[in-house]
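Novice: First, the structure itself, so that you have it in front of you.
The values are calculated or read from the model by the stated rules, or taken from the named source; none is laboratory data. Predicted model only: the values in this text are computed from it and were never measured. Glycine gets a Cβ as well: all are built from the backbone with ideal geometry, and neighbour counts include every protein chain shown. These area figures cover heavy atoms from the full protein model, side chains too; ligands, DNA and RNA do not enter into them. Shrake-Rupley method; radii C 1.70, N 1.55, O 1.52, S 1.80 Å.
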Amino acid sequence: ESKMLDELVVVGYGVQRKSDVATSVASVKADEMKTFPAGNVADMLRGRAAGVNVTSSSGRPGSTPSITIRGSRSISADNAPLYIIDGSPSSATEFSTLSADDIESVEILKDAASQAIYGARASDGVVLVTTKRGKVGKATVTFSADAGIQSPTSMPEMVDSYNMAVLVNEALVNDGMSPKYTQEQINAFRYGTNEFLYPNVDWAEECLKKSALMQQYNVNITGGSEKVKYFVGANILMQGG
């Protein structure tokens, strides 16, 4: 009977039969990642593999998310996994600059047995990235475009000038100090007798845009002969703040 025992799995610098691999390895295909609309390929791994946490440490457009595998192992270290792109050690920044259209698959090595070949650098897990390769045949051009609107899920709720003055006075009195604002000033904040001296402006509302446009364009050219194969890709990402 035909059994699926001869399928090969890449492990470290070699291959093994899939039936021999007993370690924890998660594989994510590029097509699965692209179902999540994100400007960063690291963000596309959210929810794709058990035990892999992707968190955004900054709201800056184009910022690199943080990836941890099976939690944090150190208090002082950054707990970042080792990135191997086509066999070469890389960084989280290099991984995040890749386009999902250029990636064939991502393998995530979670336990000590699968990480052992990479030594101490793999103590926080390994992310193996395989990029696409050229195929024999005529030149093929692929183009894709994505566009979307980003908006904040929640905005800070600000108190008005009157309530701010009341709370400041309350805090100072509780600390045994004199109030900062007189009752006359508080009334001015409340009734707006002079908007220049007693402004009432929600600066978060004034400074932040409620929506921002994100655009992404990809073009790939692939082809080749038996002797020479090529795959050329270009990606442009425009992400507003």
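Novice: Considering each residue of the stretch 139-161, count those that are free of Cβ contacts under 8 Å to residues at least 40 places away in the same chain and within 25 Å of the chain's Cα centre (by Cα), and give that number.
Specialist: Total meeting the criteria: 2.
Novice: Using the structure shown, decide if Ser144 is exposed (fewer than 11 other Cβ atoms within 10 Å of the Cβ) and hydroxyl-bearing (Ser, Thr, Tyr).
Specialist: Working: exposed (fewer than 11 other Cβ atoms within 10 Å of the Cβ): no; hydroxyl-bearing (Ser, Thr, Tyr): yes.
No: the conditions fail for Ser144.
Novice: How many residues does the stretch 164-200 hold that are modelled with pLDDT of 90 or more and in a loop (DSSP other than H, G, I, E, B)?
Specialist: The number of residues fulfilling the criteria is 8.
Novice: Oh, and also: Could you list, in sequence order, the residues of the stretch 57-112 that are among the hydroxyl-bearing types (Ser, Thr, Tyr), touching a Ser or Thr at 6+ places or on another chain (Cβ under 6 Å) and more than 11 Å from Val41 (Cα to Cα)?
Specialist: Within the stretch 57-112, the subset among the hydroxyl-bearing types (Ser, Thr, Tyr) is 57-58, 63-64, 66, 68, 72, 74, 76, 83, 88, 90-91, 93, 96-97, 99, 105.
Restricting the remaining residues to those that are touching a Ser or Thr at 6+ places or on another chain (Cβ under 6 Å) gives 57, 64, 66, 83, 93, 96, 105.
Selection gives Ser57, Ser66, Tyr83, Ser105.
Novice: If you don't mind, there's one more thing I want to ask. Check whether at least one residue in the stretch 54-74 is without any contact (Cβ under 8 Å) to a residue 24 or more places away in the chain, open to solvent by 30 Å² or more (accessible area, probe 1.4 Å) and of a type in the set (D, E, K, R), and report yes or no.
Specialist: no
Novice: Ok, one more. What number of residues within the stretch 202-241 satisfy the criterion of being open to solvent by less than 70 Å² (accessible area, probe 1.4 Å) and free of Cβ contacts under 8 Å to residues at least 24 places away in the same chain?
Specialist: Adding up the residues that qualify gives 1.
Novice: So, in the stretch 117-139, how many residues would count as being over 20 Å from Lys29 (Cβ atoms) and surrounded by fewer than 16 Cβ atoms within 10 Å (Cβ to Cβ)?
Specialist: Just the residues of the stretch 117-139 that are over 20 Å from Lys29 (Cβ atoms), to begin with: 117-124, 136-139.
Add one more test, that the residue is surrounded by fewer than 16 Cβ atoms within 10 Å (Cβ to Cβ), and what stays is 117, 119-121, 136-139.
So the count comes out to 8.
Novice: So for the stretch 167-179 (the condition being surrounded by 12 or more Cβ atoms within 10 Å (Cβ to Cβ) and either within 30 Å of Phe36 (Cα to Cα) or in contact with a Leu (Cβ under 6 Å, 6 or more places away or on another chain) (or both)), does at least one residue qualify?
Specialist: Looking through the stretch 167-179, at least one residue is surrounded by 12 or more Cβ atoms within 10 Å (Cβ to Cβ) and either within 30 Å of Phe36 (Cα to Cα) or in contact with a Leu (Cβ under 6 Å, 6 or more places away or on another chain) (or both).
Novice: Looking only at the stretch 40-53, how many residues end up being assigned to a loop (DSSP other than H, G, I, E, B) and either in contact (Cβ under 8 Å) with a residue 24 or more places away in the chain or farther than 25 Å from Gln239 by Cβ (or both)? Steps first, please.
Specialist: The first filter runs over the stretch 40-53 and keeps only residues assigned to a loop (DSSP other than H, G, I, E, B), leaving 40-42, 46-51.
Imposing the further condition that a residue be either in contact (Cβ under 8 Å) with a residue 24 or more places away in the chain or farther than 25 Å from Gln239 by Cβ (or both) reduces the set to 40-42, 49-51.
Total satisfying the criteria: 6.
Novice: Collect the residues in the stretch 75-105 that are outside any loop (DSSP other than H, G, I, E, B) and open to solvent by 50 Å² or more (accessible area, probe 1.4 Å), keeping them in residue-number order. Steps first, answer last, please.
Specialist: Of the residues in the stretch 75-105, the ones outside any loop (DSSP other than H, G, I, E, B) are 82-85, 88-90, 92-96, 100-105.
Selection gives Ser88, Pro89, Thr93, Glu94, Glu104.
Novice: Moving on. So which pairs qualify, if the first residue must be in the stretch 118-133 and more than 30 Å from Ser225 (Cα to Cα), the second must be of a type in the set (Asp, Glu), the Cβ gap must be under 8 Å, and the two must be at least 6 apart or on different chains?
Specialist: That search, which allows pairs on different chains as well, returns Val127/Glu107.
Novice: Okay, next question. Give me the residue from the stretch 111-156 that is of a type in the set (Ser, Thr, Tyr) and touching a strand residue (DSSP E or B) at 6+ places or on another chain (Cβ under 8 Å) and, out of that set, farthest from Thr35 (Cα to Cα). Reasoning before the result, please.
Specialist: Our first condition is that a residue be of a type in the set (Ser, Thr, Tyr); within the stretch 111-156, this holds for 114, 118, 123, 130-131, 140, 142, 144, 151, 153-154.
Still in the list and also touching a strand residue (DSSP E or B) at 6+ places or on another chain (Cβ under 8 Å): 114, 118, 130-131, 140, 142, 144, 151.
On the way: Ser114: 28, Tyr118: 31, Thr130: 19, Thr131: 18, Thr140: 23, Thr142: 18, Ser144: 14, Ser151: 19 Å.
Filtering first and then ranking leaves Tyr118.
Novice: Is it the case that some residue within the stretch 107-115 is surrounded by 19 or more Cβ atoms within 10 Å (Cβ to Cβ), closer than 29 Å to Ser27 by Cα and of a type in the set (S, T, N, Q)?
Specialist: Keep residues of the stretch 107-115 that are surrounded by 19 or more Cβ atoms within 10 Å (Cβ to Cβ), which gives 107-110, 114-115.
Still in the list and also closer than 29 Å to Ser27 by Cα: 107-110, 114-115.
So of that shortlist, the ones also of a type in the set (S, T, N, Q) come out as 114-115.
The answer is yes; a qualifying residue exists.
Novice: Scanning for something open to solvent by 60 Å² or more (accessible area, probe 1.4 Å), part of a strand (DSSP E or B) and not hydroxyl-bearing (Ser, Thr, Tyr), does the stretch 150-158 turn up at least one residue? Give the steps one after another, and end with the answer.
Specialist: Filtering the stretch 150-158 down to residues open to solvent by 60 Å² or more (accessible area, probe 1.4 Å) leaves 150-158.
Applying the additional criterion that residues be part of a strand (DSSP E or B) yields 150.
Filter again for not hydroxyl-bearing (Ser, Thr, Tyr), leaving 150.
Within the stretch 150-158 (the criterion being open to solvent by 60 Å² or more (accessible area, probe 1.4 Å), part of a strand (DSSP E or B) and not hydroxyl-bearing (Ser, Thr, Tyr)), the answer is yes, since at least one residue qualifies.
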